[in-house]
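*Asks:* Can you read through this structure? Questions will come right after.
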Amino acid sequence: MHIVDMNSQILHENERIAHENKHVFEKHGLFVTNLMSAPGAGKTSVLEETIKRLKSQYKMAVIEGDLQTSIDSERIEAMGIPSHQITTGTVCHLDARMVHNALHDFKLDGNDLLFIENVGNLVCPADFELGEDLKVMVFSVVEGAEKPKKYPVMFHEVEVVLLNKIDLIPYSGVSLEELEKNVKEVNPKAVIFPISCRTGEGIENWIEWFKNKISNK
Amino acid sequence: MHEVGIAQNIIEIIEKEARQNNSGDIKKVKLIIGEFTNVVKEALEFAFEVVKKNSLAENAEFEIEMVKLKTYCAECDITFNGKEEANFICPHCSGFLEIVEGKEMKIEYIDVE
């Protein structure tokens with residue numbers, strides 16, 4: 001018997017492919033956003049609201065990740081935006097290879113923005129790089145103010161946290177102040193936007209920031 | 001929840017390494033996993049037991065060393081160890097704490113025949 005020192009990164013292969021993806025995105029001049037959240041926090045609604053406001057300025061495409069169905073993809077296509085559905089079956093996150101394979105189905109040329117809507121899950125997607133430029137998390141305030149502390153890894157990984165469904169605050173007893181404080185403790189650098197996809201409140205602030213981010217790439 | 005996929009990654013990596021070393025069975029695998037990842041030790045151990053069947057690691061012992069979260073404030077030059085609550089704001093200067101340890105996800109070594 002003998003010891004073989006390895007010091008190998010377990011997710012090395014994912015990181016290698018993510019790096020390849022990044023290269024492909026750069027070659028096509030694409031700005032890529034990875035949207036993550038728990039199921040039902042409002043990722044697709046955020047996409048719809050974002051697409052609505054950016055449609056006249058940018059050419060966009062979407063990759064949808066879900067365990068089953070192409071409902072989300074259909075919602076996006078109904079807006080005239082090309083969308084590719086990845087159904088992961090039992091896999092609880094998108095990884096770099098799934099995104100890489102999906103790129104074969106896309107005409108990337110001519111697009112400015114690509115959104116990747118990850119599988120709804122507050123845990124696993126955070127560990128897998130996809131080659132994106134920006135990680136955005138959507139968190140619905142009704143999930144509770146303590147969640148950033150309970151699921152700190154994803155909150156820590158992202159650059160932007162969109163606190164969605166603020167129109168429901170009066171009915172939920174959640175303190176927006178406490179929630180923002182918890183997000184800031186877990187991720188002091190996070191840019192936080194309280195929004196409501198239903199009423200449109202706060203969306204313009206996010207759009208303004210996002211446009212700025214794209215032009216500064 | 002994604003521990004099965006991670007266990008499969010581990011098997012692929014260590015089988016490749018064992019073959020490159022012209023080795024037979026893998027007797028032991030030693031991992032280093034940070035606690036500020038989404039990997040649960042018990043779930044990964046269970047997943048490894050399942051996926052190791054019919055691989056070179058079929059009879060391998062599986063050891064996981066968990067690494068506590070360690071953060072650092074560059075402003076104050078202070079290191080903080082294993083916090084109960086995830087808080088990345090320095091209690092002294094309110095600056096940002098960087099993670100120094102706790103994000104590891106690696107195979108340290110294998111023991112082969």
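The values are calculated or read from the model by the stated rules, or taken from the named source; none is laboratory data. It should be emphasised that the depicted structure is a prediction, and the values quoted were computed from it without experimental measurement. A quick note on method: Cβ atoms are made from the backbone with ideal geometry, for glycine too, and the neighbour counts reach across all protein chains shown. When the accessible area is computed, the model is the full protein with side chains, heavy atoms only, and any ligands, DNA or RNA have been set aside. Shrake-Rupley method; radii C 1.70, N 1.55, O 1.52, S 1.80 Å.
*Asks:* Anything in the stretch B:77-105 that is in contact with a Gly (Cβ under 9 Å, 6 or more places away or on another chain) and within 17 Å of B:V67 (Cα to Cα)? List them, or say none.
*Replies:* As a first pass, look at the stretch B:77-105 and keep what is in contact with a Gly (Cβ under 9 Å, 6 or more places away or on another chain): B:82, B:89, B:99, B:101-105.
Scanning the stretch B:77-105 gives B:G82, B:I99, B:E101, B:G102, B:K103, B:E104, B:M105.
*Asks:* Can you tell me which of (1) of a type in the set (D, E, K, R); (2) open to solvent by 70 Å² or more (accessible area, probe 1.4 Å); (3) without any contact (Cβ under 8 Å) to a residue 60 or more places away in the chain is the one B:E35 doesn't meet?
*Replies:* Of the numbered conditions (1) of a type in the set (D, E, K, R); (2) open to solvent by 70 Å² or more (accessible area, probe 1.4 Å); (3) without any contact (Cβ under 8 Å) to a residue 60 or more places away in the chain, the odd one out for B:E35 is (3).
*Asks:* Take the conditions closer than 25 Å to B:M105 by Cα and out of contact with any Lys or Arg (no Cβ under 9 Å at 6 or more places or on another chain) and apply them to A:R75. Does it pass? Give the derivation first.
*Replies:* Values: closer than 25 Å to B:M105 by Cα: no; out of contact with any Lys or Arg (no Cβ under 9 Å at 6 or more places or on another chain): yes.
The answer is no for A:R75.
*Asks:* Within the stretch B:74-89, identify whether any single residue is touching an Asp or Glu at 6+ places or on another chain (Cβ under 7 Å) and among the β-branched types (V, I, T), and answer yes or no.
*Replies:* Yes, the stretch B:74-89 has at least one match.
*Asks:* Which numbered condition in (1) in a strand (DSSP E or B); (2) over 27 Å from A:G131 (Cα atoms) is the only one that A:V161 fails?
*Replies:* Exception for A:V161: condition (2).
*Asks:* Here is a follow-up. With a cut-off of at least 1 residues that are more than 30 Å from B:E65 (Cα to Cα) and small (G, A, S), name the helices (runs of 4 or more DSSP H) lying wholly within the stretch A:1-117.
*Replies:* Numbers: elements: A:12-27, A:43-54, A:71-77, A:96-103.
Once the helices (runs of 4 or more DSSP H) in the stretch A:1-117 are filtered for at least 1 residues that are more than 30 Å from B:E65 (Cα to Cα) and small (G, A, S), what remains is A:43-54, A:71-77, A:96-103.
*Asks:* Go through (1) in a loop (DSSP other than H, G, I, E, B); (2) out of contact with any Ser or Thr (no Cβ under 8 Å at 6 or more places or on another chain); (3) closer than 17 Å to A:H12 by Cβ and name the single condition B:E108 misses.
*Replies:* Unmet for B:E108, out of (1) in a loop (DSSP other than H, G, I, E, B); (2) out of contact with any Ser or Thr (no Cβ under 8 Å at 6 or more places or on another chain); (3) closer than 17 Å to A:H12 by Cβ: (1).
*Asks:* Hey, another quick one. Taking the stretch B:5-30 as the search range and keeping residues that are within 24 Å of A:L94 (Cα to Cα) and within 9 Å of another protein chain (Cβ to nearest Cβ), which one is most open to solvent (accessible area, probe 1.4 Å)?
*Replies:* B:E12
*Asks:* To continue, here is another question. Find all pairs meeting these conditions: Cβ atoms under 8 angstrom apart; at least six residues apart or on different chains; first residue within the stretch A:12-40 and within 13 Å of another protein chain (Cβ to nearest Cβ); second residue open to solvent by less than 40 Å² (accessible area, probe 1.4 Å) and basic (K, R).
*Replies:* Sorted first by the residue in the stretch A:12-40, then by its partner, the pairs are A:M36/A:K43; A:M36/A:K135.
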